[in-house]
Every structure is written in C-alpha cells, then in structure tokens.
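Novice: Shown below is the structure under consideration.
The values are calculated or read from the model by the stated rules, or taken from the named source; none is laboratory data. Keep in mind that what you see is a predicted model, and the values were worked out from it rather than measured. Every residue, glycine among them, receives a Cβ derived from its backbone with ideal geometry; neighbour counts consider all protein chains shown. What goes into the accessible areas is simple: the full protein's heavy atoms, side chains included, and nothing from ligands, DNA or RNA. Shrake-Rupley method; radii C 1.70, N 1.55, O 1.52, S 1.80 Å.
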Amino acid sequence: MPDDAPSLEELTHAVLAMRQELTGRITEALVAQRQAHVLHQRTLTCPDCQRLLPARPAPPRTGHPLVGEVALARPYFYCIPCQQGVSPLDDALQLSERRTPWDRQKAGARLAAAVPFETAQELLAELTGLALSDHTLHAVAGELSHEVGVLEVSPPTAEMATRVAERAAGQTWRPVLVWAIDGAFVPTRPEQAKGQATGRRRTRAKRAHWEGEGQEAKGFRCSLVDKARIVQVLSCDQVCTDADVGAAPKHVQAAGLIPEDQGRWCVIGDGAKWIWTQVKALFPTAVQILDYDHCREHVHKVGGLQFGEEAAKAQAWVESMMARLFWGDGDWASEGLEALQPRDHQAAEEIRKRIGFLRNSAGRVHDRAARKGGYPIGSGGIESANTCISHMRLKRSGAWW
Ligand SMILES: [Zn+2]
C-alpha cells in the first residue's frame with residue numbers, strides 16, 4: 001500500500017492483484033480439510049498384487065485452475081513388481097492428465113467461440129488475471145469443433161417443429177425448404193504453427209507467413225421460404241469433407257428434425273461440382289437450382305471482357321443473357337455465348353469456361369418455372385445469413401481457426 005489511508009479503489013486493486021493467490025490458498029486449505037484422509041495416507045494395498053505399499057516422497061503437484069495456483073503435496077505409491085504408480089489424491093480430486101485444468105479450458109473455449117483467439121486471450125487475462133496460451137486456446141477450440149456436428153448445433157426438435165409448422169399453417173402449398181450449400185475459404189492455423197512460442201511479438205511475426213494459408217469451410221443454410229418471407233431454420237459451417245456436408249441434411253432428417261415430407265426440398269448452389277455430386281447421391285428428388293446471383297456475376301464478367309469500354313453494348317448483352325437464363329433456357333444462353341467473336345485471348349477463355357459451366361448446369365437453370373413453384377432462384381436472401389456467419393465469424397480480422 002503506497003498510502004496510509006487507501007481509497008476503496010486502491011484496496012480493490014490490491015485485492016484483485018492478489019486474488020489468484022488468495023483463492024488458490026483457500027482452495028488448498030479446503031482440499032487439506034476435505035481430503036485429509038487421502039492426503040495423510042501412509043500405506044496403500046496394490047490393486048493388482050495386494051502387496052502393502054508405503055507412501056513415497058513425491059514433488060507436489062501444482063495445478064492452475066481458475067481460482068489460482070493450487071499446490072498439492074500428496075502421497076505417491078509405487079509397486080515395483082507390478083511397475084505401477086498410484087496417486088490416490090489425484091483420483092479423489094479427479095485431476096485430469098492435461099496440464100491446463102478443465103475450468104480454464106472451458107472459459108477459453110467459450111471466449112474463443114465468440115471472439116478471435118487473440119482477443120480471447122486478452123479478455124481472459126484482463127477479467128481473471130489468468131494467462132492461457134495461444135496453443136492451449138487453439139488446441140481446446142480445435143478439439144471441441146471436431147466433436148461438434150450438425151445435430152449439436154441444431155435447435156431442439158420441438159423448436160424446429162414449431163418453426164416448420166408456423167410456416168406451413170394456412171398455406172395452400174407446402175413451404176419450400178431451401179438448402180443453400182456453399183463453401184468459404186477461411187484462414188486456418190497451419191500445423192507447423194502449433195506448439196510454437198506464444199510471445200505476441202513472435203506470434204505476429206509468424207502470422208505474416210500464414211497469410212494465404214487456408215482451408216475451405218463447407219456448410220449450408222437451411223431456410224423455409226414462402227411468398228411472404230424467409231425463415232432461417234438451421235445453419236452449419238465446418239472445415240470438413242464433401243461427404244460430411246452432403247450428409248448433414250440426411251442426419252437432420254434421420255434425427256427427425258426436419259422430415260422430408262415437411263415442405264418441398266430444394267438445393268441452391270453455385271457451379272462447384274462437389275455440391276451437385278453430393279445432392280444427386282443423397283437427395284435425388286430435391287429440386288436443384290443454380291444460383292441466379294452467381295450466374296449474373298459470370299455473365300457480367302464476360303460482358304466486361306468482351307465489350308470493354310462499350311458499356312451500353314455490354315449492358316444490352318448481359319440483359320439478353322439474363323433473360324435467357326430467367327426463362328430457364330440453358331441452350332439458348334449457350335448460343336448467346338457461342339455467337340460472340342472473342343475480342344481477345346482472355347475473353348475467349350472466359351467464354352469457353354462459361355459454355356462448359358452452362359453445359360454442366362443443365363437441369364439447374366429453370367428460373368421461371370422455379371419462381372412459379374415458389375422456389376427461390378438465387379441465394380440473395382440467404383446470402384445475408386452467409387455474410388453473418390461465414391464472413392463475419394470466420395473471416396474476421398485476427399481470427400484463425
Ligand atoms: Zn503390485
């Protein structure tokens with residue numbers, strides 16, 4: 001205390017600075033009181049050979065739970081013939097093998113799920129006075145995410161049923177259940193970065209090398225669509241295999257969360273081949289729709305490359321192409337591309353790619369028919385959820401996964 005008459009704030013600061021030591025000591029005292037019989041155990045019968053073993057001196061085990069450092073001088077027993085060691089206190093207290101205690105891992109994981117790892121470390125240190133290494137945070141969040149699948153992130157069955165029933169009520173047509181499947185490239189922490197020094201300066205320097213390292217997080221947003229609105233039902237993004245994301249709607253269906261007869265199923269996706277391979281295999285009856293917004297981007301690109309400065313010509317051509325696509329005539333749209341005399345090599349290449357793209361998308365461009373059936377033709381409405389989830393959560397600055 002610098003002052004003889006400290007203010008409440010000064011006292012608070014002093015207590016906060018010592019909180020780890022204080023609560024750690026209290027915990028030690030509680031262990032000593034409540035586990036006295038185990039702490040002072042002099043002998044133990046070997047669980048395998050029944051020999052009577054004497055307590056051996058052992059270094060205290062130091063743990064760092066959220067309450068601060070807890071040092072436990074506990075007896076240790078070793079049976080030489082069985083080559084087996086036992087620490088009864090560790091069992092009595094259910095201490096894990098892991099160096100970082102469970103409560104700190106849990107706090108770290110909760111923070112890391114909500115904010116970037118670096119912010120999580122800062123917040124934890126500021127609010128609890130505890131440090132959690134960059135490595136531990138990544139390891140814990142990584143392990144958790146491996147155990148989490150679509151069913152763990154789904155709303156409960158009853159809530160899902162209510163959402164579906166509310167949409168279906170009073171409708172002549174069953175609502176359309178749209179699965180918008182998509183991939184997003186997200187920055188991830190490379191293998192070689194794991195277990196390295198955690199000093200912030202070094203970490204920052206290392207990160208410079210990680211730029212551009214990333215993996216594709218694949219996922220979907222499931223929404224109920226009718227004339228009036230789009231209701232978000234479920235969404236999930238994960239770095240996983242094509243088969244995993246393709247099978248996710250199947251798991252949802254198998255768990256009874258959204259039965260296939262509850263609404264007309266449809267899938268919206270861009271040109272990515274993996275999406276349609278999965279859909280064909282798992283949902284042969286679902287209506288397949290090539291995302292109109294995605295098409296428009298491609299058409300605009302061709303228009304720009306082919307007509308360059310002639311903006312009016314480019315616009316007229318783009319409009320005629322979008323009309324052909326809107327009428328669901330892929331062949332007619334292909335003809336529109338084939339009729340172009342490529343201005344240069346770049347335009348020729350883009351035109352060639354788009355013709356192939358339309359050919360591969362046959363049967364998914366049926367926008368006018370889709371509209372009449374109440375199906376969405378683009379992922380525009382779903383895009384906002386996409387931006388919210390994939391982009392803000394996964395791609396935000398400082399976030400590594
Ligand atoms: Zn033994």
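Novice: Can you tell me which residue in the stretch 93-120 is surrounded by the fewest Cβ atoms within 10 Å (Cβ to Cβ), limited to those that are modelled with pLDDT under 80 and in contact with a Ser or Thr (Cβ under 8 Å, 6 or more places away or on another chain)?
Specialist: Among those residues, the one meeting the criterion is Trp102.
Novice: Something else: Given the conditions (1) at pLDDT 85 or above; (2) more than 30 Å from Leu124 (Cβ to Cβ); (3) outside any strand (DSSP E or B), which single one is not true for Gly24?
Specialist: Failing condition for Gly24: (2).
Novice: Just checking, which of Glu126, Glu166 is open to solvent by 80 Å² or more (accessible area, probe 1.4 Å), assigned to a helix (DSSP H, G or I), charged (D, E, K, R) and within 25 Å of Phe220 (Cα to Cα)? First the steps, then the outcome.
Specialist: Working: Glu126 fails: within 25 Å of Phe220 (Cα to Cα).
Unique residue meeting the criteria: Glu166.
Novice: Go through the stretch 257-275 and give me each residue that's assigned to a helix (DSSP H, G or I) and surrounded by fewer than 20 Cβ atoms within 10 Å (Cβ to Cβ). Talk me through it step by step, then tell me what you get.
Specialist: Filtering the stretch 257-275 down to residues assigned to a helix (DSSP H, G or I) leaves 273-275.
Listed by number, the residues that qualify are Lys273, Trp274.
Novice: For the condition within 16 Å of the ligand (Cβ to nearest atom), charged (D, E, K, R), in a loop (DSSP other than H, G, I, E, B) and more than 36 Å from the chain's Cα centre (by Cα), what is the one hit in Asp4, Asp48? Steps first, please.
Specialist: Values: Asp4 fails: within 16 Å of the ligand (Cβ to nearest atom).
When all the criteria are applied, what remains is Asp48.
Novice: A further question on this structure: Evaluate the stretch 331-338: report whether one residue or more is within 36 Å of the chain's Cα centre (by Cα), among the hydroxyl-bearing types (Ser, Thr, Tyr) and closer than 30 Å to Tyr375 by Cα. Lay out the reasoning, then the answer.
Specialist: Filtering the stretch 331-338 for residues within 36 Å of the chain's Cα centre (by Cα) gives none.
Scanning the stretch 331-338 turns up no residue that is within 36 Å of the chain's Cα centre (by Cα), among the hydroxyl-bearing types (Ser, Thr, Tyr) and closer than 30 Å to Tyr375 by Cα.
Novice: Does His37 meet the test of being more than 16 Å from the ligand (Cβ to nearest atom) and surrounded by 16 or more Cβ atoms within 10 Å (Cβ to Cβ)? So that I can check it myself, show each step before the final result.
Specialist: Working: more than 16 Å from the ligand (Cβ to nearest atom): yes; surrounded by 16 or more Cβ atoms within 10 Å (Cβ to Cβ): no.
No; evaluated as a whole, the condition is false for this residue.
Novice: Of a type in the set (Val, Ile, Thr), more than 24 Å from Phe326 (Cα to Cα) and out of contact with any His (no Cβ under 9 Å at 6 or more places or on another chain): is that true of Val279 in this structure? If you could, list the steps in order and put the result at the bottom.
Specialist: On the way: of a type in the set (Val, Ile, Thr): yes; more than 24 Å from Phe326 (Cα to Cα): no; out of contact with any His (no Cβ under 9 Å at 6 or more places or on another chain): yes.
Spelling it out, it is not the case that Val279 is of a type in the set (Val, Ile, Thr), more than 24 Å from Phe326 (Cα to Cα) and out of contact with any His (no Cβ under 9 Å at 6 or more places or on another chain).
Novice: Here's a follow-up. Taking the options Val86, Val67, Val38, name whichever one is more than 25 Å from His135 (Cβ to Cβ), in contact with a helix residue (DSSP H, G or I) (Cβ under 6 Å, 6 or more places away or on another chain) and among the β-branched types (Val, Ile, Thr).
Specialist: On the way: Val86 fails: in contact with a helix residue (DSSP H, G or I) (Cβ under 6 Å, 6 or more places away or on another chain); Val67 fails: more than 25 Å from His135 (Cβ to Cβ).
From the options Val86, Val67, Val38, the qualifying one is Val38.
Novice: Can you give me the number of residues within the stretch 286-328 that are touching a residue at least 24 places away in the same chain (Cβ under 8 Å), open to solvent by 60 Å² or more (accessible area, probe 1.4 Å) and not in a helix (DSSP H, G or I)?
Specialist: Here the count works out to 1.
Novice: Quickly run through the stretch 307-330 and pick out the residues that are basic (Lys, Arg) and under 39 Å from the mean Cα position of the chain (by Cα). So that I can check it myself, show each step before the final result.
Specialist: Kept after step one, since they are basic (Lys, Arg), are these residues of the stretch 307-330: 313, 324.
Arg324, the sole residue that qualifies.
Novice: Another question, if that's okay. Going by what's in this entry, would Asp90 be described as acidic (Asp, Glu), surrounded by 13 or more Cβ atoms within 10 Å (Cβ to Cβ), touching a residue at least 12 places away in the same chain (Cβ under 8 Å) and farther than 30 Å from Ala217 by Cα?
Specialist: Working: acidic (Asp, Glu): yes; surrounded by 13 or more Cβ atoms within 10 Å (Cβ to Cβ): yes; touching a residue at least 12 places away in the same chain (Cβ under 8 Å): yes; farther than 30 Å from Ala217 by Cα: yes.
Yes.
Novice: Another question, then. Kindly provide the set of residues from the stretch 67-87 that are surrounded by 17 or more Cβ atoms within 10 Å (Cβ to Cβ), more than 10 Å from the ligand (Cβ to nearest atom) and at negative phi, ordered by number.
Specialist: Within the stretch 67-87, Val67, Val70, Leu72, Arg74, Pro75, Tyr76, Ser87 meet the criteria.
Novice: Here's another thing I want to ask about it. Yes or no: Leu123 closer than 22 Å to Glu21 by Cα, without any contact (Cβ under 8 Å) to a residue 40 or more places away in the chain and away from the ligand (no atom under 16 Å from the Cβ)?
Specialist: Numbers: closer than 22 Å to Glu21 by Cα: yes; without any contact (Cβ under 8 Å) to a residue 40 or more places away in the chain: yes; away from the ligand (no atom under 16 Å from the Cβ): yes.
For Leu123, the condition - closer than 22 Å to Glu21 by Cα, without any contact (Cβ under 8 Å) to a residue 40 or more places away in the chain and away from the ligand (no atom under 16 Å from the Cβ) - is met.
Novice: Another one. Taking the stretch 51-66, which residues are within 14 Å of the ligand (Cβ to nearest atom) and open to solvent by less than 70 Å² (accessible area, probe 1.4 Å)?
Specialist: Correct list: Leu53 only.
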